[in-house]
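Student: Would you mind keeping the following structure in view while I ask a few things?
We did not get these values from a lab; they are worked out from the coordinates using the rules stated. Please read all numbers here as calculations on a predicted model, not as lab measurements. Counting neighbours? That spans all protein chains shown, and the Cβs are built from the backbone with ideal geometry, glycine included.
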Amino acid sequence: MAKVESPVSGRVASVAVEVGQPVAAGAALVIVECMKMEIPVEAEAAGVVAELLVAQGDEVKEGDIIAILK
């Protein structure tokens, strides 16, 4: 299981994946808006989305776990 963390604090602008969806390494999972910039949070390795821990509009802090891949 790989935990994907937010690299910055901000608001989740959009969620690009669903639970059970396979993703490639480097695929954007969510977009976090920080200081009017949109920052993609990407999968570090290929896998399947086991859990999504955020939804659009949620506030996240740097280091918060966004998703878990298996």
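Student: Going through the range 54-70 one residue at a time, which ones are among the hydrophobic types (A, V, I, L, M, F, W, C) and more than 13 Å from Ser14 (Cα to Cα)? Quick ask: steps written out before the conclusion?
Tutor: Step one: of the range 54-70, the residues among the hydrophobic types (A, V, I, L, M, F, W, C) are 54-55, 60, 65-69.
Within the range 54-70, Ile65, Ala67, Ile68, Leu69 qualify.
Student: How about the range 33-70: which of its residues are loosely packed, with under 12 Cβ neighbours inside 10 Å, in contact (Cβ under 8 Å) with a residue 40 or more places away in the chain and over 17 Å from Ala2 (Cα atoms)?
Tutor: Matches in the range 33-70: Ala55, Gln56, Gly57, Glu59, Lys61.
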